[in-house]
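Working notes for the structure below.
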Amino acid sequence: MDYISNKSAVVFNIGCKVNQYECDSLTSSLISLGFSVYNHLVLATVYIINTCAVTSEAERKSRQIISRIRNINPNAMIFILGCASEKNKSFYYSQNVDYVGGTTDHTKIFDFLNDTNKSISTPPALPITTRTRAYVKLQDGCDKMCSYCVIPILRGAPRSKPIKDATREIYEMSKLANEIVLVGINLSLYGKDTNESLPMLFDKIKDVAVRIRLSSFYQDGISYKLLDSLFSLKEFSPHFHLSLQHGSVDVLKDMNRSYTPEEYLKSVSMIRKYDKNAAITTDIIVGYPTETDDLFLESEKFLEEVKFSDIHIFPFSKREGTKAANLAQLPADVVKKRRLELESLRHQLRISYLEKMLSIPQTVLFETQVDEIAEGYSQYYVRVYAKTTNKKENIMPHELYKRGLKGGVL
Ligand code: SF4
């Protein structure tokens with residue numbers, strides 16, 4: 001099957017929101033070249049995979065996807081991008097793929113595909129959106145060197161999108177979507193390399209008429225200056241995904257995280273001064289090699305104290321090339337037992353946050369409809385269900401329902 005005559009492509013993301021943004025941009029460029037583009041594995045002539053190496057599981061999926069594609073189309077053109085390919089280029093080239101682009105050289109793909117003589121705008125065209133949500137990548141790279149993380153090795157030093165480019169892109173995307181999620185590998189490092197800052201950017205976009213939400217954020221980026229500028233936006237989603245990783249001061253030190261639980265709690269209290277109902281979610285690693293029973297209990301207790309609205313729990317994953325990879329790993333059954341304990345705590349915290357939300361009006365961007373019930377996310381990043389056909393509504397929740405709340409139109 002020759003790709004020239006049949007312009008169909010799959011652009012598939014295995015990783016984070018930054019990967020998704022890159023996929024959305026590539027998809028936009030492919031569409032401008034006349035391709036029909038899919039974001040799940042279907043029969044096509046071209047496959048672009050944005051891989052991930054943040055955990056061994058993600059890396060396994062990245063390696064295995066090539067044989068899955070070959071089962072669908074043995075003659076497919078395959079382009080492998082992203083962190084797993086940056087980490088292990090030789091492996092992917094040994095799989096006879098057409099191109100391995102790592103974390104930086106994505107647009108080279110178009111040297112293979114562009115038979116239209118039309119010039120491809122680099123950087124690629126505005127990323128496609130789902131009409132509800134669009135991602136805008138503000139930043140790439142990280143230099144925090146957390147003991148368990150390979151990202152600084154694979155994505156390099158922090159670099160920011162200049163405010164003028166970011167502002168233009170955000171205004172453009174606000175014409176296409178109801179919510180813009182600002183993404184980066186470590187957003188709290190935004191502007192350090194360009195002598196700019198997030199508050200300076202937010203000042204430029206304060207009139208944007210769609211909802212703005214921050215993706216994952218590092219505690220040391222929280223300041224009154226940042227919070228003033230965020231809460232001055234026309235429509236800001238008071239949801240902070242503030243990555244904690246562990247609740248014990250000793251393990252945080254071992255992880256080379258640059259804050260203590262007390263400092264983290266202080267940042268959360270600062271946020272709650274602006275909105276006492278703000279949604280605070282986080283990532284937690286369970287089973288870090290130096291985590292003893294006591295330090296695990298200390299961490300668990302701290303999670304209760306913060307009263308998170310949700311917790312993403314990750315069993316420790318040994319990453320070659322990191323400091324933590326040289327430490328003796330905990331037995332799998334110990335890690336599993338602790339993970340299950342945190343899962344039940346997560347459930348309790350989620351329920352108590354949802355119960356608190358029962359008296360709080362939710363502004364919901366509806367995304368899907370099943371019969372007469374629409375479903376979408378509120379400004380507090382809560383899933384809300386209601387009888388409506390409108391894309392946006394203010395809803396007063398009256399009951400816990402499925403993974404969120406059900407309510408009536410206000
Ligand atoms: S802050 Fe730490 S965990 Fe996050 S990308 Fe940087 S090194 Fe990795």
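What follows draws every value from the coordinates through simple rules; no lab data is involved. Just so it is clear, the model here is predicted, and its values are computed rather than measured. Positions of Cβ are generated from backbone atoms using ideal geometry, with glycine treated the same way; all protein chains shown enter the neighbour counts.
Side notes on the structure shown:
- Remark: relative contact order (segment 362-409) = 34 percent; criterion is Cα-Cα distance under 8 angstrom and separation of 6 or more residues.
- Over the chain, DSSP H runs of length four or greater, each weighted -39,500 (n - 2.57), average out per residue to a 222 nm ellipticity of -10000 deg cm²/dmol.
- Packing-based order for 6-14, 285-293, using average beta carbon neighbours within 10 Å, highest first: 6-14, 285-293
- Farthest positive-ward along the chain dipole, Cα basis, beta-carbon charges - from 259, 321, 14: 14
- When the pairs 61/301; 276/336; 175/206; 234/273; 87/253 are compared against a 23 Å limit on Cα-Cα distance, 61/301; 276/336; 87/253 fall above it.
- Separation of the alpha carbons by more than 29 angstrom is noted, of 17/144; 108/137; 161/356, for 161/356.
- Cysteine residues of the chain whose C-beta has no other cysteine C-beta under 4.7 angstrom: 16, 23, 52, 83, 142.
- Note on residue 192 and residue 389: their simple-model spin labels are 5.1 nm apart, each label 7 Å out from Cα toward Cβ.
- Alpha-carbon Rg with Dmax, taken over segment 1-74, Å: 12.6, 38
- Tensor-based shape of the chain (alpha-carbon gyration tensor, a/c under 1.5 rounded, otherwise prolate or oblate): oblate
- Ignoring aspartates and glutamates fewer than eight residues from residue 7 along the same chain, the ones with Cα atoms less than 13 angstrom from its Cα are 115.
- For the chain, size of Cβ-based charge dipole, Lys and Arg +1, Asp and Glu -1, in debye: 460 debye
- Value of relative contact order over the chain, rounded to a whole percent, pairs C-alpha under 8 Å and six or more apart: 10 percent
- For segment 274-332, the dipole from Cβ point charges (+1 on Lys and Arg, -1 on Asp and Glu) about the Cα centre works out to 240 debye, to the nearest 20.
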